[in-house]
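Visitor: Let me begin by handing over the structure; questions about it come next.
Rule-based calculations on the coordinates, nothing more; no lab input. Bear in mind that the values here come from a model prediction, so they are computed numbers and not experimental data. Every residue, glycine among them, receives a Cβ derived from its backbone with ideal geometry; neighbour counts consider all protein chains shown.
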Amino acid sequence: MKNAAHEDDPVLERFHFLVNAPALFNAVTTAAELRIFAFLSGKPGASAADIQSFCGVPAHQLRVLLQAVCTTGLLERRDGGYHNASVAEELLAADEEPDSWSHILTGWKEVYYPAFADMTTALRAGTNTALAAHPGDEPTLYGRLSRNPPLEAVFHRAMTAFTLRSVDALIEQPVFDDVRHVLDVGGGDGSTSARLVARHPELRTTVFDMPSVSRLASGARSGRVSVVPGDMFTDPFPEGPDAVLFSHVLEIFDEDSILLLMRKAYDALPSGGRVMVYGYNVSDDETDGVFGARLGLYFNVLASGRGMAYPARDYERWLREAGFGEVETVPGLPYEHGLSLGVKR
Ligand SMILES: C[S@@+](CC[C@H](N)C(=O)[O-])C[C@H]1O[C@@H](n2cnc3c(N)ncnc32)[C@H](O)[C@@H]1O
C-alpha cells in the first residue's frame with residue numbers, strides 16, 4: 001500500500017484527528033450545552049439511561065453523541081457508566097462559572113466557526129467577507145454585533161471566559177507594582193480591570209471601549225474601575241493614566257493602526273509612563289501556535305479583515321518606532337501569550 005511507510009507518522013495521526021475535528025468539536029459543544037459534563041460531575045458513573053432522563057435526547061441519538069465525546073477522551077466509560085475525564089471536570093463541569101470553557105465553545109460555535117466556511121473567499125478577496133452574515137455596514141464584527149445584543153452577549157461571555165483563563169499571568173506581572181492608573185483600551189466588559197484592581201489594592205483603572213460594550217462593563221464599575229465609552233481611533237484617550245494596557249486588542253489590526261494606537265498611547269502618557277501589550281504571540285519563525293493560528297484566521301475571515309497573533313518581535317519594533325524605550329517581552333505565558341512592555345522616556 002502506498003501510504004504504509006507513513007502509518008506511524010505523527011502528522012498522519014494529527015491529520016486523521018483534524019479531518020474529524022469539526023464534528024467532534026460540535027459533539028463536545030452539544031454535550032456541554034446539554035449540561036452532560038455538569039450532570040456527570042454530580043453523578044459520576046451514571047448510565048446512559050440516567051443521562052437520557054437528565055437531558056431528554058432520544059436514546060439512539062444520545063448513544064451516538066456519547067460515543068463521539070468518548071473518542072475525544074473527555075468522557076470515559078467504565079463498567080457501562082460514564083465519567084468526566086479530569087480535563088472535562090476542570091474545564092467544562094462548572095458550566096455556570098464565568099470562566100467555564102463551555103462559554104468559549106458556544107461562542108466559537110455561534111460566532112467563529114460558521115464564518116470559517118468563507119475562508120477561501122475571504123483570504124482571496126483580502127477582506128473579511130464572512131461579515132456579510134451579520135447585518136449592518138460597520139467594517140468590523142465588533143461594530144456589527146452591537147446590532148445583535150444576544151449574539152454580542154454570547155461573544156463577550158466567550159471572550160470573558162477566555163480572558164479569565166489567561167488573565168492571572170498578566171495580573172501577577174511585577175510591572176503593576178510600578179503604576180497607579182491603567183487605561184484599559186478595548187477593555188471589553190471590564191473583567192481584566194476588575195481582576196487587576198482586586199489583585200493590586202493601590203491600582204485604579206479606566207475601561208475604554210465602544211459604547212455598546214461599555215454597557216456590559218457596568219458590573220465591573222467600582223470605586224477603582226471607571227468606564228469611559230468611546231472609539232479608540234476617533235476619540236481621544238481618557239486623561240490621567242500612567243500606564244496604557246492593550247489586552248487582546250492590537251492583534252485585531254494591521255501595522256498602520258497598531259502604530260497609530262501605540263503613538264496615541266505615547267501621547268497620553270506622562271514621561272516614565274508604561275505601555276503594555278498583552279495577547280497571543282506566534283513563534284518568531286511563524287510556524288507555531290494553534291491558538292494564534294485560529295485567531296489570525298478568524299480576524300481575517302470575519303472580525304476585522306486584517307491582524308494576526310503577531311510575533312513579539314513585531315510588537316517590540318513598533319513600540320520602539322512609536323518612541324518607547326526599555327522595550328522587552330515577557331514570553332511563554334499560558335495559552336501562547338506574551339506581554340510586551342515599553343516606557344515613555
Ligand atoms: C478581543 S476584545 C479584548 C477584550 C479585553 N481587553 C480582553 O482582554 O478580554 C477586543 C475589544 O476591543 C474593542 N474594540 C474594537 N474596536 C474598538 C474601537 N474602535 N474602539 C474601542 N474599542 C474597540 C471590542 O469592543 C472588544 O471589547
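Visitor: GNM, the chain, Cα, under 10 Å: largest mean-square fluctuation among Ser214, Ser193, Ser257?
Guide: Evaluated over the chain, the most mobile residue of the options is Ser257.
Visitor: Taking every pair of distinct Cα atoms and averaging 1/r, then inverting, what Kirkwood hydrodynamic radius in Å comes out for segment 43-136?
Guide: Taking the inverse mean of 1/r over all distinct Cα pairs, segment 43-136 comes out at 15.9 Å.
Visitor: Would you calculate the volume per residue, in Å³, of the smallest convex hull containing every Cα atom of the chain?
Guide: Here the figure is 169 Å³ per residue.
Visitor: With an 8 Å cut-off on Cα pairs and a minimum separation of 6 or more residues, tell me the relative contact order of the chain in percent.
Guide: 13
Visitor: Between segment 314-345 and segment 200-247, what is the C-alpha centre distance in whole Å?
Guide: Measuring centre to centre over Cα atoms gives 21 Å.
Visitor: Count the net charge of all other residues whose Cβ sits under 13 Å from the Cβ of His248, scoring Lys and Arg as +1 and Asp and Glu as -1.
Guide: Net charge in that neighbourhood comes out at -4.
Visitor: What does DSSP give for the chain in terms of the percent of beta bridges that are antiparallel, rounded to the nearest 5?
Guide: 50
Visitor: If one takes the longest principal axis of the Cα atoms in the chain, at what angle in degrees, from 0 to 90 and to the nearest 10, does the Cα axis of helix 312-321 lie?
Guide: 20
Visitor: Based solely on its DSSP helices, what 222 nm [θ] is calculated for the chain when runs of n ≥ 4 H residues each add -39,500 (n - 2.57) and the sum is averaged over all residues, nearest 500 deg cm²/dmol?
Guide: The per-residue figure over the chain is -13000 deg cm²/dmol.
Visitor: With +1 on the Cβ of every Lys and Arg and -1 on the Cβ of every Asp and Glu, and nothing else charged, how large is the dipole of the chain about its Cα centre, in debye rounded to the nearest 20?
Guide: In debye, rounded to 20, the chain gives about 680.
Visitor: What's the center-to-center distance, using Cα atoms, between segment 39-55 and segment 157-190 in Å?
Guide: About 37 Å separates the Cα centre of segment 39-55 from the one of segment 157-190.
Visitor: Quick one: putting +1 on the C-beta of Lys and Arg, -1 on the C-beta of Asp and Glu, what dipole do you get for segment 63-203 around its Cα centre, in Debye to the nearest 20?
Guide: 540
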